[in-house]
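Have a look at the structure below, then the notes.
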Amino acid sequence: DTAVSQTPKYLVTQMGNDKSIKCEQNLGHDTMYWYKQDSKKFLKIMFSYNNKELIINETVPNRFSPKSPDKAHLNLHINSLELGDSAVYFCASSQLGTSYEQYFGPGTRLTVT
Amino acid sequence: SQQGEEDPQALSIQEGENATMNCSYKTSINNLQWYRQNSGRGLVHLILIRSNEREKHSGRLRVTLDTSKKSSSLLITASRAADTASYFCATVRVNNNDMRFGAGTRLTVKP
């Protein structure tokens, strides 16, 4: 019964490759997020989807594209991976209007070589 | 951009002592939250305090909020080795649902 799950947990790939990270939540929340945590532990929001619509799109390279097939899923596609993309990526979900509390997934550690 | 800034960046104490972490922010907020992150894990919500509240308690946690100074503090009383983790404050701005995190405080509780 994991509330927010991500796959894979670890991802090692070479520069220039395209990869995807999947996220699923079973909490019935209407909003999902992607965050990037760098090596200094700074946590920065990348995207937010509410009811399958993008409501936050921070200044991230357009090589990153979120895709939400339904309210329970928000996947992150990354094209032409670069060394600087190495980080831990966290998915989270919340129910806006009811609670601002966010539930986080376990993270995906991406290493680009 | 980062909204909150925590201090200290790192804190090391003995079991049984109290730990206090501070957070400052820049814009008007709807609420402020504290999260905990164990090494290699996702963040876990600890406590939320609304802009019209000044103090909140949850078990061994005590959070204060001073909106005039745009600051908050998290106090963990009678700390345990299991409290060792990074603690982040996060702010939700007025009329905006996105949440901005600070850089975190790394707390080490020695047994």
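We did not get these values from a lab; they are worked out from the coordinates using the rules stated. The shown structure was predicted, so the numbers you read here are calculated from the model rather than taken from an experiment. Every residue, glycine as well, gets a Cβ built from its backbone with ideal geometry; the counts of neighbours run over all protein chains shown.
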Starting from the Cα of A:TYR10, step 7 Å toward the Cβ, then list every residue of region B:8-50 with an amide N under 17 Å from that point. B:39-42
Could you identify which residue out of A:SER65, A:SER80, A:SER94 has the top mean-square fluctuation in a GNM of chain A using Cα springs shorter than 10 Å? A:SER80
Would you tell me the mean number of C-beta atoms belonging to other protein chains that fall within 10 Å of each C-beta in B:39-48, as a whole number? 5
Sequence order, region B:9-25: Karplus ³J(HN,Hα) from phi using 6.51 cos²θ - 1.76 cosθ + 1.60, θ = phi - 60°, Hz rounded, Gly and Pro as x, gives 6, 9, 9, 10, 9, 8, 3, x, 7, 8, 10, 10, 10, 10, 9, 10, 9
Fewest to most Cβ atoms within 10 Å: A:MET46, B:MET21 sort as A:MET46, B:MET21
Sorted by Cβ density within 10 Å, fewest first, the residues B:ARG54, B:ARG100: B:ARG54, B:ARG100
Largest fluctuation, B:VAL92, B:VAL44, B:VAL63 only, Gaussian network model of chain B with Cα springs under 10 angstrom, belongs to B:VAL44
I'd like the distance separating the alpha-carbon centroids of region A:60-82 and region B:51-90, in whole Å. 34 Å
If you take each beta carbon of peptide A:41-47 and count the beta carbons of other chains within 10 angstrom, what is the mean? 5
I'd like the antiparallel share, as a percent to the nearest 5, of DSSP beta bridges with both residues in the protein assembly as shown. 90 percent
A:GLU53-B:GLU53 FRET efficiency (beta carbon distance; Förster radius 35 Å; 0.05 resolution): 0.65
In terms of modelled amide H atoms, which long-range or inter-chain residues lie less than 5 Å from the amide H of B:ASN30? B:VAL92, B:ARG93, B:VAL94
Which cross-chain or sequence-distant (5 or more) residues have an amide H under 5 Å from the amide H of B:LEU46, H modelled 1.01 Å from N in plane? B:TRP34, B:TYR35, B:ARG36
Considering just Cα atoms, how many Å³ per residue does the convex hull of the protein assembly as shown enclose? 124 Å³
From Cα pairs below 8 angstrom and at least 6 apart in sequence, can you work out the relative contact order of chain A, rounded to a whole percent? 37 percent
